[in-house]
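Notes to accompany the following structure.
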Amino acid sequence: MKTIVRIVVALTVTIFYQSLCYAQPGSIERKQIFDYNWKFFSGDIPAANTKDFNDKDWRNLDLPHDWSIEGKINPKNATGGAGGYFPAGIGWYRKTFQVPGEWKGEHISIYFEGVYMNSEVFINGQSLGICPYGYTSFSYDLSPYLEFGKENVISVRVDNSQQVNSRWYSGSGIYRHVWMMVTGPVHVAQWGTAISTPEVTLKNASVQVKTLVKNETSIHQSIVLNTLLWDKNSKNAGNDREKVELPANSEKEITQTIHVSNPFIWSPETPCLYQAQVQVLKDKKVIDDARLDFGIRSIKFSTENGFQLNGQTVKINGGCVHHDNGCLGAAAFDRAEERKVELLKAAGFNAVRTSHNPPSEAFLNACDKLGLLVMDEAFDCWRTGKNKNDYSLYFDKWWRHDLESMVARDRNHPSVIMWSIGNEIPERGTPEAIRTAKMLADDIRKIDITRPITSAIVDNGKDWVLFDSLMDVHDVAGYNYHLHSAPADHQRVPSRIIVQTESYPKDAFTNWKLVQDNNYVVGDFVWTAMDYFGESGIGRWYYSGDVPGQHWEHDFFPWHGAYCGDIDLIGWRKPISHYRSMLYNNGERLYMAVREPAPEPIEIKETWWSVWPTWESWTWPGCEGKNVQVEVYSKYPKVRLYLNNKLIGEQVTTVDQQFKATFSVPYSPGLLKAIGVENDKEIESTTLQTAGTAAKIKLTADRKEILANGQDLIYVTVEIMDQDGIFQPNAANRLQFKIDGPGIIAGVDNADIKDTDPYTGNTRKTWHGRALVVIRSTRNKGDIKLTVTSAGLPDGTLSVKAL
């Protein structure tokens, strides 16, 4: 393995679907959303693949759709604790559509961004193919089977019945977007454009555009490939035209180089995007027109300087995430994926690992747009499985298809800085694992040589040195929970570049220090950035008398998810999130929370991925006079703590104290105040105030307007307040939700992973004073009114506009 991996790239990204449907006046839209007006049936009806099958009694719905999240959480469900006890099974989707006669002679395909899992697609009764892996994007050519000017039927059978096939919640169904792709017979291939920048400076960038053009006619074609670049202000940044000769039924890759002066550089702080417009011209007429966003930036990995972005060393403060969107399940709505990235950025993360599968396009689009670095991961296992029905059953036949789908689809996103080929592979430490890793890495490099390749390796009690040969076939060595060995490893293998691909939340300071002190350690990804469904019980704490142990040792129902995230299921940052962000960033300098008092003589017990339950609360009835532990995180040299304006104490909070102070305070209701002190001056304060009895419902929406496209979402946080408007952190009120106007309730939640109430209902209890309701638009405009009621409290109302 080389000491330096140099990568300088400008990358493409498919823009959000609202602007993707571009066409010249009078022409056919190249990419058309195909999410609307599907029929769905839960169960298996083999005859449903035929065109004339009667589906009038099936449920009408729009995509994306996850049927698992709609079901009841039950310990008897076959997914078990791994899948969050949600139902799975088999489902069918059908969509009837007309194909205009003028489309005859065009190249028409259907593109699925993701179907979980074992999907088989039919057109007018003809099977188009099977795709086992639920995270792979795939397409089929429809042209030979369509009846032009008539009705056609797409049928999709989805089989998620073979359990257990995942170690976390997967969801079930067509949970990502579906598109109809319409081009002429001479066109740019799907994922056929790759944009890189061999040279990048503040004054100039050399943009290389490689485009694969297909001629699917029986005659020779003389065309012109015209590529134009547009900057963020819609000004032309450069262009190039090439004459191309295409023999019949052939394809050719054309390379163009375009120079951009004074480029806008992409980075997490300034995520500037360009647009490439790639046109195919025949007799001066545009016969294909593809538009792709891209970013100009350079990356470099070395033992001397770690990870450098645009020539500057950046320490990666990363978090692992699974693909679910909380109460929406696996459904990959654009707004849900964008909000996820917003939450990660707001929590101080600058990177995310898509554990352990390729993410949705909408998620990567949001990372590009908002500026979040990505480790893009392919698989959780190779030939040796972790569950009896997991990907190991399909690896030998499907690995190349699935890996190349990920890389070809995602290679041009500026946010993606690393490929990961696996996670905690069971056969690690064997010669077979080394051969497989090399096979996967070599295949990636046939498509993309601009990024380093890694995978996540854990020891599980084995001698760590045994993995040296496996790490040698990677560009960057991925360590799961083993960063403590990095200094010794560096002495043994000085050429090794290291990233910690998973870490325990409670080890935040230790890992931060190792990242800061060692250039060859590029960063850390905590397990996890956000709570998620499945892997039930990881991150749990418990009380003496409860069943002890780690999440894999017992059935901990009603726990049906993981509580190890820095951010909970409704998007609220836990105290550990504020602490981690404070370590890596300078935007937050003072924070205070209170460790939950153990109800003596009962004790609170922690597990490997947990931290002590700590809350933004100074409302602890029954604890009067008892010592309560107050934690203050501070980037100030000192902090002072006051209770009801009386000084409790002052403590030093430098790096030697891990930027923490803990005060033991006899609990008394009132106002608790922490103040950051610098040069003996009180600079900044934060407070917690005792709340009275619940008296009001407070509603806060993340936006005031919603697009009337049937896809957009608004997230409304519900908080219970006392008469004086102070948040009541112990409230557990039962809430009822009602919508008037052109909107529907897409999901409800409260972040309590032990609460088995439905996530798709119209009621939820608050947990620690909060709940969440997600409103989905319809395709009608107007005012949407949300009313929230709770016994004994005045109604809470909120209105938003659907435009």
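Here are the numbers for the structure shown:
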| item | result |
| --- | --- |
| Those residues of the stretch 79-112 which are open to solvent by less than 20 Å² (accessible area, probe 1.4 Å), farther than 18 Å from Trp58 by Cα, among the hydrophobic types (A, V, I, L, M, F, W, C) and in contact with a Phe, Trp or Tyr (Cβ under 7 Å, 6 or more places away or on another chain), in sequence order | Phe86, Val99, Ile110, Phe112 |
| Qualifying position, being more than 20 Å from the chain's Cα centre (by Cα) and not basic (Lys, Arg), among Ile421, Ile417, Ile425 | Ile425 |
| Residue, least open to solvent (accessible area, probe 1.4 Å), within the stretch 243-272, restricted to residues that are part of a strand (DSSP E or B) and polar (S, T, N, Q) | Gln256 |
| Ala346 vs. criteria buried (at least 24 other Cβ atoms within 10 Å of the Cβ) and either over 21 Å from Leu292 (Cα atoms) or touching a residue at least 24 places away in the same chain (Cβ under 8 Å) (or both) | no |
| Any hit, the stretch 418-430, residues being of a type in the set (A, V, I, L, M) and more than 22 Å from Asn585 (Cβ to Cβ) | yes |
| Qualifying positions in the stretch 751-761 - crowded, with 22+ Cβ neighbours inside 10 Å and free of Cβ contacts under 8 Å to residues at least 60 places away in the same chain | Asp752 |
| Members of the stretch 406-445 that are assigned to a helix (DSSP H, G or I) and open to solvent by 10 Å² or more (accessible area, probe 1.4 Å) | Ala408, Arg409, Pro431, Glu432, Ile434, Arg435, Lys438, Met439, Asp442, Arg445 |
| Residue check for Asn317: open to solvent by less than 10 Å² (accessible area, probe 1.4 Å) and either assigned to a strand (DSSP E or B) or of a type in the set (S, T, N, Q) (or both) | yes |
| Pair list, Cβ under 8 Å, 6 or more apart: the stretch 774-800 residue acidic (Asp, Glu) and open to solvent by 30 Å² or more (accessible area, probe 1.4 Å), other residue in a strand (DSSP E or B) and at pLDDT 95 or above | Asp783/Ser799; Asp783/Val800; Asp783/Lys801; Asp783/Ala802; Asp795/Ile697; Asp795/Thr787; Asp795/Val788; Asp795/Thr789 |
| Condition check for Ser577: outside any loop (DSSP other than H, G, I, E, B), of a type in the set (Gly, Ala, Ser) and either without any contact (Cβ under 8 Å) to a residue 24 or more places away in the chain or surrounded by 17 or more Cβ atoms within 10 Å (Cβ to Cβ) (or both) | yes |
| Filter result for Val639 (buried (at least 16 other Cβ atoms within 10 Å of the Cβ) and out of contact with any Gly (no Cβ under 7 Å at 6 or more places or on another chain)) | no |
| Residue count for the stretch 349-389, restricted to those that are open to solvent by less than 10 Å² (accessible area, probe 1.4 Å) and closer than 22 Å to Ala78 by Cβ | 3 |
| Odd one out for Gly622 among (1) under 37 Å from the mean Cα position of the chain (by Cα); (2) open to solvent by less than 60 Å² (accessible area, probe 1.4 Å); (3) over 22 Å from Pro575 (Cα atoms) | (1) |
| Any hit, the stretch 730-750, residues being among the charged types (D, E, K, R), buried (at least 22 other Cβ atoms within 10 Å of the Cβ) and in a strand (DSSP E or B) | yes |
| Complete set of residues in the stretch 26-73 that are free of Cβ contacts under 8 Å to residues at least 24 places away in the same chain, in a loop (DSSP other than H, G, I, E, B) and over 25 Å from the mean Cα position of the chain (by Cα) | Gly26, Asp52, Asn54, Lys56, Asp57 |
| Any hit, the stretch 455-463, residues being over 24 Å from Arg297 (Cα atoms), modelled with pLDDT of 95 or more, small (Gly, Ala, Ser) and over 22 Å from the mean Cα position of the chain (by Cα) | no |
| Residues of the stretch 585-619 classified as within 27 Å of the chain's Cα centre (by Cα), open to solvent by 60 Å² or more (accessible area, probe 1.4 Å) and closer than 21 Å to Gly769 by Cα, total | 1 |
| All positions within the stretch 499-558 that are open to solvent by less than 20 Å² (accessible area, probe 1.4 Å), among the polar types (S, T, N, Q) and in a loop (DSSP other than H, G, I, E, B) | Ser503, Thr528, Ser536 |
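The values are calculated or read from the model by the stated rules, or taken from the named source; none is laboratory data. Just so you know, these numbers come straight off a predicted model, no measurement behind them. Virtual Cβ from ideal backbone geometry, glycine too; neighbours counted across all protein chains shown. Protein only, heavy atoms only, side chains kept; ligands, DNA and RNA dropped before computing areas. Shrake-Rupley method; radii C 1.70, N 1.55, O 1.52, S 1.80 Å.
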